[in-house]
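The values are calculated or read from the model by the stated rules, or taken from the named source; none is laboratory data. In this text the structure is predicted, and so the values were computed from the model without any measurement. Cβ placement follows ideal geometry from the backbone for every residue including glycine, while neighbour counts extend to all protein chains displayed.
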Amino acid sequence: MKLWKTLPALLLALALTLSLTACAAKPESTPAPAETQSPGETGKNRTVIFKDSTGREVEVPAEIRRIAVTGPLAQTVVFALAPDMLVGLSSAFPESAKGFIDEKYLELPVLGHLYGTKGDLNLETLLDSEPQVVIDIGETGGKVGADMDELSSQTGIPFVHISASIDNMSRTYDMLGELLGRKSEAKALGDYCDEIYRRVTEIAGSVHKVGILYCLGDKGLNVIARGSYHSEAIDLIADNRAVVATPSSKGTGNEVDMEQILNWDPEVIVFAPESIYETVSGDPAWQKLRAISSGRYYEVPNGIHNWMGFPPSVQRYMGMLWLTKILYPEEATYELYGEIQRYYELFYHCELTVEQYNSLMKNSLG
């Protein structure tokens, strides 16, 4: 999370004058996230101390039922564990979510983002939604802790940050389960992430890694560069040929030109959804690439989100299973439909049909 721009004075005044009930926990049977109790707090207003990934000791309600999130990455992680606790969405679910996500969640109010240049939080809607805590999930570093403190001070709502990386998502879910009082459910999700990570890592470690590019944008000339947060899954499984001086931290990647892509000339290219997958076979410039001329190019599956990122969240475990399967079919002996069906049940709370799976994979399998 990057520093969120300071709220305008008018909105801050509104926040201070509204009657805030967000920090008062409501009665429920959920266990507390920590044993420490704040002095003088008893009954339904009891609070505990939660130590987040920045090392901050944040006072939160002992019994949490109402939460908000800071962005799509956090929304995707949290939805798997506690969709019933969400008071709103950072972003509306895409059209591809229909048929997978329960309608009641699709209709939640959109609260906006609390980070980066977007900064489109609707403060009035957030306060009206009365979250007891706001959860930020992602990279930890820089001024994240200070940002969380500033936001807490401005809104009167505790903000917590939980670190997330593709190699340690079980720790993310452990902390989230502790915070929300759902430790056993969180463990099941974390165990799944560990299992998939371990499986694809073992396969990738046993083969000669295939050279790959992940291209996106309306011209296909943006790449997810090696070493970026968004490239974690690709770098783990394949030889990411997109090596640039300064990997972008944005989901749009690094913009390059056709000459650079021709110089990289990977064995395989994967195109983001809504990029140029449909047109490259008839484009003379793209036909010069061996991946295109040999037919070793694919479109990343997209349902409910892009499986390789955007947001760079837990749906990437499906992307890891898919990418490993198309790159190393002899080693990846698992049945992909069954694996993806399992993910949809655990993380999206729905049953994925064969018809839905085939639609998702239309341009994604050789």
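Structural remarks
- Residue 292 crowded, with 21+ Cβ neighbours inside 10 Å, at pLDDT 95 or above and β-branched (Val, Ile, Thr): no
Quick grid of which residues meet (1) within 15 Å of residue 87 (Cα to Cα); (2) touching a residue at least 60 places away in the same chain (Cβ under 8 Å); (3) out of contact with any helix residue (DSSP H, G or I) (no Cβ under 6 Å at 6 or more places or on another chain); (4) surrounded by 19 or more Cβ atoms within 10 Å (Cβ to Cβ):
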site: 125; (1), (2), (3), (4): yes, no, yes, no
site: 132; (1), (2), (3), (4): yes, yes, yes, yes
site: 144; (1), (2), (3), (4): no, yes, yes, yes
site: 160; (1), (2), (3), (4): no, yes, yes, yes
site: 165; (1), (2), (3), (4): no, yes, yes, no
site: 169; (1), (2), (3), (4): no, yes, no, yes
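- Some residue of the stretch 197-211 being surrounded by fewer than 18 Cβ atoms within 10 Å (Cβ to Cβ), at pLDDT 95 or above, farther than 24 Å from residue 298 by Cα and not aliphatic (A, V, I, L, M): yes
- Taken together, the residues in the stretch 237-249 that are in a loop (DSSP other than H, G, I, E, B) and surrounded by 15 or more Cβ atoms within 10 Å (Cβ to Cβ) amount to 6.
- In the stretch 201-214, the residues that are more than 19 Å from the chain's Cα centre (by Cα) and either in contact (Cβ under 8 Å) with a residue 12 or more places away in the chain or in a loop (DSSP other than H, G, I, E, B) (or both): 201, 203, 204, 205, 206, 207, 208, 209, 210, 211, 212, 213
- Residue list for the stretch 257-285, filter: in contact with a Phe, Trp or Tyr (Cβ under 6 Å, 6 or more places away or on another chain) and assigned to a loop (DSSP other than H, G, I, E, B): 277
- A count restricted to the stretch 320-366 and to residues that are touching a strand residue (DSSP E or B) at 6+ places or on another chain (Cβ under 8 Å) and not in a loop (DSSP other than H, G, I, E, B) stands at 4.
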